[in-house]
Amino acid sequence: MTPPRIAIVTGSTSGIGLAVARSLAEAGHAVMMNGFGDPAQIEADRARIETETGMPVAFHGADMSDQAQIAALVTATEARFGQVDIVVNNAGIQTVAPIEDFPVDRYDLIMAINMSAAWHLCRATFGGMKSRGWGRVINVASAHGLVASPYKSAYVMAKHAVVGLTKTLALEGAEHGITANAICPGYVLTPLVQKQIPETAKARGISEEQVVRDVLLAAQPTKTFVQPEQIGALAAFLCTPAAAQITGTALPVDGGWTAH
Ligand code: NAD
């Protein structure tokens, strides 16, 4: 039995993060959700997870590209639940474009949300985990933290960096009961992927149907999308005592993509 812990899951108003928030609550952890979206929908999701799991679930709308708001997220979580034991760095965005056309403002935003936010949130919570002798850092990286695809220069760069952060924190936490792991999903059909289908079609000059068949699922030997719940289940497992010796890893959940 896993003792109840306090988790922050960034970007948990949608897709993978929402599934991770639910899985952690189902495993008996209190959860601070975070992300953007329609306030009524966010409240409905928060309340549903709380009601269905019986665990307290709160929400904070910090913009993870803003260091001050990341600090406010931690302060709010500590005020509500007392401490932070589990950090799931999941918030992320994507832009698909050849590097010579890549909008610089999107590069800056991708690096801020997909990479720097994880560093800032870990910096703000790691000391507490160390002092209590238990912690879990789970970075939702990507298969693109391990391998590259064209037209995703900023995203691939940020995700590789997150894998590097994961390894470093595994070493820093190893004697303090803290593990740090990256989960590296292949393609999961979330709004993030739905949005890049037309962008990829434009960048490659092909139809959206060809993008799904010949670009997205072509890389994934199972030829089916990964389910958000499969990422949630792995995140919950990483918080169990059975996973205490799993640290510093980048775990692919990619239907065999990175076996190529
Ligand atoms: P999604 O678009 O469904 O969800 C992204 C979440 O991040 C949302 O909750 C959104 O509100 C939040 N977010 C975006 N910008 C934010 C900001 N500035 N501050 C706070 N929250 C912000 O996408 P998803 O597919 O569920 O992606 C979640 C993570 O999984 C991302 O890091 C993504 O890179 C990674 N990932 C996704 C896939 C995939 O195929 N979908 C594959 C590999 C990795």
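Quick notes on this structure:
- A 1.4 Å probe run over the chain, with the rest of the protein chains in place, finds 43 Å² accessible per residue.
- Carbon-plus-sulfur accessible fraction, the chain (probe radius 1.4 Å, protein heavy atoms only): 57%.
- Comparing 222, 200, 247 in a Gaussian network model of the chain, where Cα atoms under 10 Å apart are tied by springs, the biggest mean-square fluctuation is seen for 222.
- Here the 3J(HN,Hα) profile of region 107-113, calculated from phi with Karplus coefficients 6.51, -1.76 and 1.60 at θ = phi - 60°, is 4, 4, 5, 4, 5, 5, 7 Hz, Gly and Pro shown as x.
- Distance from the alpha carbon centroid of region 48-102 to that of region 132-189 works out to 16 angstrom.
- Peptide packing for 87-93, 144-150 was compared via the average number of neighbouring C-beta atoms within 10 Å per residue; ordered from the highest value, the list is 87-93, 144-150.
The values are calculated or read from the model by the stated rules, or taken from the named source; none is laboratory data. Because the structure is a prediction, the values reported are computed rather than measured. In this analysis, Cβ positions are derived from the backbone assuming ideal geometry, glycine residues included, and neighbour counts consider all displayed protein chains. SASA here: full protein model, heavy atoms, side chains in, ligands and nucleic acids out. Shrake-Rupley method; radii C 1.70, N 1.55, O 1.52, S 1.80 Å.
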